[in-house]
1. Which of the residues that make up segment 201-245 are of a type in the set (Ser, Thr, Tyr) and closer than 27 Å to Leu73 by Cβ?
2. Please pick out the residue among Asp67, Asp16, Asp55, Asp22 that is closer than 24 Å to Leu236 by Cβ and not assigned by TED's automatic domain parsing to the domain that holds Ala164.
3. Give me a count of the residues in segment 376-391 that are under 21 Å from Val191 (Cα atoms) and modelled with pLDDT under 95.
4. Hey, could you check segment 322-348 for residues that are part of a strand (DSSP E or B) and among the hydrophobic types (A, V, I, L, M, F, W, C) and say which is farthest from Glu261 (Cα to Cα)?
5. If we keep just the residues of segment 86-112 that are assigned to a loop (DSSP other than H, G, I, E, B) and touching a residue at least 40 places away in the same chain (Cβ under 8 Å), which is farthest from Asn213 (Cα to Cα)?
6. Which of the residues belonging to segment 23-43 are within 16 Å of His13 (Cα to Cα) and free of Cβ contacts under 8 Å to residues at least 60 places away in the same chain?
7. Considering only segment 193-215, I want to know if a residue exists there that is without any contact (Cβ under 8 Å) to a residue 12 or more places away in the chain and either of a type in the set (Ser, Thr, Tyr) or surrounded by fewer than 21 Cβ atoms within 10 Å (Cβ to Cβ) (or both).
Amino acid sequence: MATQRLRRRLVKHLVDEDVLHDPKWVEAFRGVPRHVFLPRFFTRVDAGWAAVDRDDPGWLERVYSPDVLVTQLDDDTSRWEKARHEGPVAGVPTSSSSMPAIMAIMLEELRVGDGQRVLEIGTGTGYNAALLSHRCGSGLVSTVDVDAGLVATARTHLQEAGYAPACEVGDGALGFPAGVLFDRVLCTASVSVVPPAWLEQTVPGGLVVTTLNRPLGAGLVRLVAGPGATGHGRVLARDGRFMPLRAHRRPAPTALPPVSEVDWRTTQLPIDLLLKPRLKFEFFASLELPGVHPVRELPTGAPDPAPDPDAPAGPFALTHPDGSWARFRTHDSTLQIAQGGPRGLWDLAERALVLWESLGRPERDRFGVTVDGEHQEFWLDEPDGLRWELA
């Protein structure tokens, strides 16, 4: 069948990309029919988001592509119907089927063993819950999502695919409503801090894997649960970024003030070094610049709160809720910045670069995380080393 061939092709891609290794997860990706969970979705076009349906040419190939597929805009399930009947619509993605590569990374980092009970935070389409059910058995998998419509649809698709994990509606930050203890907790959304309820619902020695919702320095962490709401772990070398839980969304940055030509000065620090995770400095910069948002300035003058870190360097800026800001540009082949507000954000960034280099340019996997209820912090190399507040 075409779907089996496409699943095999997707698995080969994940193996070739070095993100899928465990034979049991290979079997899960080969066995779970992703198309059952994606009968429709959005695709990006110049005019906004276009609606794609299972009857459209190329639908099946898109489903088994290595790409993220957006399934909801603005928390509103009616947006797809509007785009289908009226043409592309504007909107902010609020649910998706994640890139299979990051799904494979997170599932393997979960280190789940036979017979272990797993909680998934963020049901979404249900595809990831199906992968977990294929690997662990439906009776050992629970999944929760705050969106009742998404849960209902996911439950239907899971049944169609032959899986029956426990699906509940609830605030994922509070864990699973029934209060069951789990061996593993996996969050397929991102959080600003680790919800203490997750650790309270994980057996001591169990693992929690999640992504952090940070303007800079987002990515994967894995914690070993201790007693109560405590845990410790590491920032993982393999990166991953997800939409935030609704309660963990950050407000959009405010408009930036105008800049005079006399405010610009030269700098040796390229903005790419702050924005691109693959250049290694981004995570450390996030620790030294807490709460700072990178934004791309649009032609209208409004900031874009979610700039593409792989886009060419251009009119970028840094902002902070305290009113501090810094703009970056390339002018006559020279790197230039202008800054204002209570603090000089670019001065702080330049100092952070000097400190990072003096510490031996530590990459993300040299950092750890300690959680004790609401008190949460990062540390370098050892818990008693350099420390930074997580929030």
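1. Just the residues of segment 201-245 that are of a type in the set (Ser, Thr, Tyr), to begin with: 202, 210-211, 230.
Selection gives Thr210, Thr211.
2. Details: Asp16 fails: not assigned by TED's automatic domain parsing to the domain that holds Ala164; Asp55 fails: closer than 24 Å to Leu236 by Cβ; Asp22 fails: not assigned by TED's automatic domain parsing to the domain that holds Ala164.
Exactly one residue qualifies, and that residue is Asp67.
3. Within segment 376-391, residues that are under 21 Å from Val191 (Cα atoms) and modelled with pLDDT under 95 number 3.
4. Just the residues of segment 322-348 that are part of a strand (DSSP E or B), to begin with: 325-331, 334-340.
Restricting the remaining residues to those that are among the hydrophobic types (A, V, I, L, M, F, W, C) gives 325-326, 328, 335, 337-338.
On the way: Trp325: 16, Ala326: 14, Phe328: 13, Leu335: 14, Ile337: 11, Ala338: 9 Å.
So, considering only residues that are part of a strand (DSSP E or B) and among the hydrophobic types (A, V, I, L, M, F, W, C), the one farthest from Glu261 (Cα to Cα) is Trp325.
5. So the residue we want is Gly87.
6. Within segment 23-43, Pro23, Val26, Arg30 meet the criteria.
7. Going residue by residue through segment 193-215, those that are without any contact (Cβ under 8 Å) to a residue 12 or more places away in the chain are none.
Within segment 193-215, none of the residues are without any contact (Cβ under 8 Å) to a residue 12 or more places away in the chain and either of a type in the set (Ser, Thr, Tyr) or surrounded by fewer than 21 Cβ atoms within 10 Å (Cβ to Cβ) (or both).
Condition check ((1) touching a Phe, Trp or Tyr at 6+ places or on another chain (Cβ under 8 Å); (2) assigned to a loop (DSSP other than H, G, I, E, B)) across all residues:
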| position | (1), (2) |
| --- | --- |
| Arg5 | no, no |
| His13 | no, no |
| Asp18 | no, yes |
| Val26 | no, no |
| His35 | yes, no |
| Trp49 | yes, no |
| Glu81 | no, no |
| Arg84 | no, no |
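The values are calculated or read from the model by the stated rules, or taken from the named source; none is laboratory data. What you are looking at is a predicted structure, and each value in this text was computed from that prediction instead of being measured. Positions of Cβ are generated from backbone atoms using ideal geometry, with glycine treated the same way; all protein chains shown enter the neighbour counts.
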